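> Okay, handing you the structure first.
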Amino acid sequence: MMTKEALCKQTDVFLLDLDGTVYLGEKPIGNAAATLQTLRERSKRLVFLTNNSSKTQEEYRGKLLRIGLWGEGDLVYTSAMAAASYLQKHAAGQPVYLVGTAAVREEFARFGVRLEEEAPALCVLAYDTELTFAKLEKLDRFLRQGKYFIATHPDDVCPTESGTAPDVGSFLALLERSSGRRPDLIVGKPYTAMGEELARLTGVPREKMCMVGDRMHTDVRFAANNGMKSVLVLSGETTRETMCRFPDVPDLVLENIDEIL
């Protein structure tokens, strides 16, 4: 494994997963605020990176500011933002049927995505915590018509303060049974579309990025798929025992983010 010193020296941008990595619910993990500030003082850029596409960047920024983890020059990037950026670049002007929360629909509109309810060219499934049967039925109909299908991310469940809740991956399993379709593109971790958008957004090559997260199958796999360095923290989902069940090997394994220094 790489040393901490070598990893920090070779990294310009740290991509930081949220729940289980920098905070648990409303509580920062360890002394994360001081650790992140030290990284900023060492001229490292911080991007808070999440697959959760039910909230906007402003909502996440508000939380990070409230619990003391936000700093000047930081960015928030979600799988919803990556999907909207992808549409800007590859399907500009094409009508999109978006299944997502009202706030995320507004964010897509701010990106210039043309939202359409009746005759879309593409369909996008985000993590819609305001999901209704009517939305699901309409999406199913468009999929059976053969519309190009994008999912923001593949997570089966989303962590909550009371346990877990069904996430996009669970919705995808339902839609595969009803429509026979799988997504033509999945944007978020561990796939490459979000890595490409991050390189374009930051202007930093992916080999100078490091993904820090608590999940092997999303965070560490994302780094491997995108040619980035990776740090697995054991403050969330993964343990030293369960990490061995996955094929990828992180560059560093730490108890929590504080140990990166």
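Rule-based calculations on the coordinates, nothing more; no lab input. Remember, it's a predicted structure, so these values are computed and weren't measured experimentally. Heads up, the Cβs are rebuilt from the backbone with ideal geometry, glycines too, and the neighbour counts pull from every protein chain shown.
> Considering only DSSP beta bridges whose two residues both sit in the stretch 8-102, what percent are antiparallel, to the nearest 5? Show your work: numbers first, answer last.
Details: 2 of 11 bridges.
Expressed as a percentage, antiparallel bridges in the stretch 8-102 total about 20.
> If Rh is defined by the Kirkwood formula over all Cα pairs and Rg also comes from Cα, what ratio Rg/Rh do you get for the chain?
Reported Rg/Rh, Kirkwood definition of Rh: 0.97.
> A follow-up question, please. Could you count how many Lys pairs in the stretch 1-108 have their Cα atoms under 24 Å apart, skipping same-chain pairs fewer than 8 positions apart?
8
> Rank these for me by crowding, 153, 217, 90, going from fewest to most other beta carbons within 10 Å.
90, 217, 153
> Please state the relative contact order of the chain as a whole percent: Cα pairs under 8 Å, 6+ residues apart?
Values: 497 pairs, mean separation 55.4, N = 261.
So the answer I get is 21 percent.
> Taking neighbour Cβ counts within 10 Å as the exposure measure, how do 85, 43, 179, 53 sort from fewest upward?
On the way: 85 21, 43 8, 179 17, 53 30.
Ascending Cβ contact count within 10 Å gives the list 43, 179, 85, 53.
> Another question, then. If you take the beta carbon distance between residue 6 and residue 241 as r and set R0 to 25 Å, what does 1/(1 + (r/R0)^6) give as a FRET efficiency, to the nearest 0.05?
Details: r = 27 Å, r/R0 = 1.07.
Computed FRET efficiency for residue 6 and residue 241: 0.40.
> Among the GluC sites (Glu not before Pro) within the stretch 20-78, which fall in a DSSP loop and have no more than 13 other Cβ atoms within 10 Å of their own Cβ? Please list the in-between numbers first.
On the way: sites: 26, 41, 58, 59, 72; in loops: 26, 72.
Listed in order of number, the matching sites are 26, 72.
> Work out the FRET efficiency for residue 43 and residue 192 from their Cβ-Cβ distance, taking R0 = 30 Å, and round it to the nearest 0.05. Display every interim value, and only then the final one.
Working: r = 27 Å, r/R0 = 0.90.
After rounding to 0.05, the efficiency reads 0.65.
> Tell me, 79, 54 in order of fewest to most beta-carbon neighbours within 10 Å? List each step's numbers first, then the result.
Working: 79 28, 54 23.
The fewest-first ordering by Cβ neighbours comes to 54, 79.
> If r is the Cβ-Cβ distance from residue 57 to residue 102 and R0 is 22 Å, what FRET efficiency results, to the nearest 0.05? Intermediate values should be presented prior to the final figure.
Working: r = 15 Å, r/R0 = 0.70.
For R0 = 22 Å, the calculated efficiency reads 0.90.
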